[in-house]
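Before any comments, here is the structure.
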Amino acid sequence: MLFKQFFEEKSSTYTYLLACETTKQAVLIDPVACEVEKYLQALKGYTLLYTLDTHVHADHITAANLLREQCGSKSVLNRYSDVECGDILVTDGCVLRIGKFEIKTLYTPGHTNSCTSYLVGNMVFTGDALLIDGCGRTDFQHGSAEMLYDSIHNKLFCLPDETIVYPGHDYNGRTASTILKERTTNSRLGAGRSKADFIELMNNLDLPYPKQIDIALPVNQVCGKQK
Ligand SMILES: [Fe+2]
């Protein structure tokens, strides 16, 4: 399998390209609109079947619509995203295929009510649900600390120890982790931290209002279609 991790500096967003070398079918997870040229370069010789958004982002504009227009790819979103622009609306346990590889959806709400993680072999793409030594904030877009705790414990921490965690962001240059590492050392909700402690922590983070939310959210609600 072809695997490539891209980094968009302004929002510290990771985008992932996965492709089957035999069928030349590809997907992009969380592509960012301003980075489309990089993706098109990397996709030369491949057919982009799907763009998979882990959620409706508040910090950058998705490239789903641009890529749909340029490559004919289908935009995949969670059914609870409350947007009408998605070509495929997934729930928990859906399977998409690129060549011989299966992409399984895990419904992992909490950062927002429509977060999806994608499991491909021994790799899990967690968006803003589980980050490296952290997790997404839970104070907007119908977020819920209680829901996030349950999603991470019941859907992610029960994956095999060696599963590689690829997050939606990292602000310290780290590119990947493992389920074992996060379950045992994640300072927000690993190492057996109780749900009550986690909710208390998340409800008192006192984070600033997201800078891009008023720009990014309305555009992402139409899959990144800009007038
Ligand atoms: Fe997010």
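The values are calculated or read from the model by the stated rules, or taken from the named source; none is laboratory data. This one's a predicted model, so the numbers in the text were calculated from it and none came from an experiment. Don't worry about glycine lacking a Cβ; one is built from the backbone with ideal geometry, like all the others, and counts go over all protein chains shown.
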_Taking the conditions exactly as written (among the aromatic types (Phe, Trp, Tyr), within 13 Å of the ligand (Cβ to nearest atom) and touching a residue at least 60 places away in the same chain (Cβ under 8 Å)), does PHE125 satisfy them or not?_
no
Cβ pairs under 9 Å, 6+ apart or interchain, first in the stretch 201-221 and part of a loop (DSSP other than H, G, I, E, B), second of a type in the set (Phe, Trp, Tyr), ordered by first then second residue, are TYR209/PHE140; PRO210/PHE140
Test for GLY143: is it in contact with a Cys (Cβ under 7 Å, 6 or more places away or on another chain) and either in contact (Cβ under 8 Å) with a residue 60 or more places away in the chain or on the phi < 0 side of the Ramachandran plot (or both):
no
Condition set among the hydroxyl-bearing types (Ser, Thr, Tyr) and either surrounded by 20 or more Cβ atoms within 10 Å (Cβ to Cβ) or modelled with pLDDT under 95 (or both), scope the stretch 12-43, selection nearest to the ligand (Cβ to nearest atom): answer is THR13
Over the stretch 107-152, the set of residues of a type in the set (Gly, Ala, Ser), farther than 19 Å from ALA176 by Cβ and surrounded by fewer than 19 Cβ atoms within 10 Å (Cβ to Cβ) is SER144
Checklist entry - under 16 Å from the mean Cα position of the chain (by Cα) and modelled with pLDDT under 95, is that true of SER117? => result no
Flag for ARG97 being more than 16 Å from the chain's Cα centre (by Cα), among the basic types (Lys, Arg) and surrounded by fewer than 22 Cβ atoms within 10 Å (Cβ to Cβ) = yes
- prompt: Out of all the residues in the stretch 128-142, is one or more over 17 Å from TYR16 (Cβ atoms), away from the ligand (no atom under 12 Å from the Cβ) and in a helix (DSSP H, G or I)?
  reply: no
A careful count of residues in the stretch 1-35 that are assigned to a helix (DSSP H, G or I) and within 17 Å of the chain's Cα centre (by Cα) gives 2
* **Check on ASP92, within 16 Å of the ligand (Cβ to nearest atom) and in a loop (DSSP other than H, G, I, E, B)** => no
From the option list THR54, THR116, THR105, single residue qualifying as away from the ligand (no atom under 16 Å from the Cβ) and in contact (Cβ under 8 Å) with a residue 12 or more places away in the chain is THR105
Within the stretch 57-84, restricting to residues that are acidic (Asp, Glu) and assigned to a loop (DSSP other than H, G, I, E, B), the one that is nearest to the ligand (Cβ to nearest atom) is ASP59
If we ask which residues in the stretch 143-165 are polar (S, T, N, Q) and not in a loop (DSSP other than H, G, I, E, B), their number turns out to be 2
Scanning the stretch 44-57 residue by residue, those under 14 Å from ILE98 (Cα atoms) and crowded, with 21+ Cβ neighbours inside 10 Å turn out to be LEU48, LEU49, TYR50, THR51, LEU52
